[in-house]
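S.K.: Shown below is the structure under consideration.
The values are calculated or read from the model by the stated rules, or taken from the named source; none is laboratory data. Fair warning: this is a prediction, and the values are worked out from it, not measured in the lab. Quick reminder, even Gly has a Cβ in these numbers, built from the backbone with ideal geometry, and neighbours come from all protein chains shown. Accessible surface is based on the protein model in full, side chains and every heavy atom, while ligands, DNA and RNA are left aside. Shrake-Rupley method; radii C 1.70, N 1.55, O 1.52, S 1.80 Å.
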Amino acid sequence: YATGFPVTLPSINSPMVGTFYSSPAPDAPVYVEVGTVVNAETVVCIIEAMKVMNEIKAEMSGTVVEILAENGKPVEFGKPLFCIKPV
């Protein structure tokens with residue numbers, strides 16, 4: 001953009017405090033990676049909170065352009081997990 005201001009993309013944010021997991025099991029493929037096209041029902045990760053594995057859905061349609069959380073690391077409520085380029 002000629003304005004010089006960065007374009008802010010929508011993000012998928014953590015709905016809870018917990019541990020971020022990018023795949024359903026350590027030996028399983030990741031749910032999404034950069035370039036993955038998602039829709040509202042696409043599971044993008046798991047957040048473990050109090051020993052409960054919570055599947056997190058994209059709740060929007062677009063392409064994953066950045067993954068902001070690290071596998072196995074804690075996340076806070078409201079922390080952006082993924083940046084999405086809308087379709």
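S.K.: Could you give the length gained on full extension between residue 49 and residue 37, defined as 0.36 nm per residue of separation minus the Cα-Cα distance, in nm?
M.R.: 1.7 nm
S.K.: Okay, which of the stretch 55-87 sit inside 11 Å, backbone N to the point 7 Å along the Cα-Cβ direction of residue 13?
M.R.: 77-81
S.K.: Now for a different question. With a probe of 1.4 Å, find how much accessible area the stretch 13-87 has per residue, and write the answer as a whole number in Å².
M.R.: On the way: 4490 Å² over 75 residues.
Here the residues of the stretch 13-87 average 60 Å² of exposed surface.
S.K.: Moving on to the next point. Roughly speaking, to the nearest percent, how much of the chain's 1.4 Å accessible area is carbon and sulfur?
M.R.: 58
S.K.: Looking at the chain, which GluC sites (Glu not before Pro) are in a loop (DSSP not H, G, I, E or B) and have at most 16 other Cβ atoms within 10 Å?
M.R.: Numbers: sites: 33, 41, 48, 55, 59, 66, 70, 76; in loops: 33, 41, 59, 70, 76.
Here the sparse-neighbourhood loop sites are 33, 41, 59, 70, 76.
S.K.: Separate question: Give the whole-number value, in cubic angstrom per residue, of the convex hull volume spanned by the C-alpha atoms of the chain.
M.R.: 96
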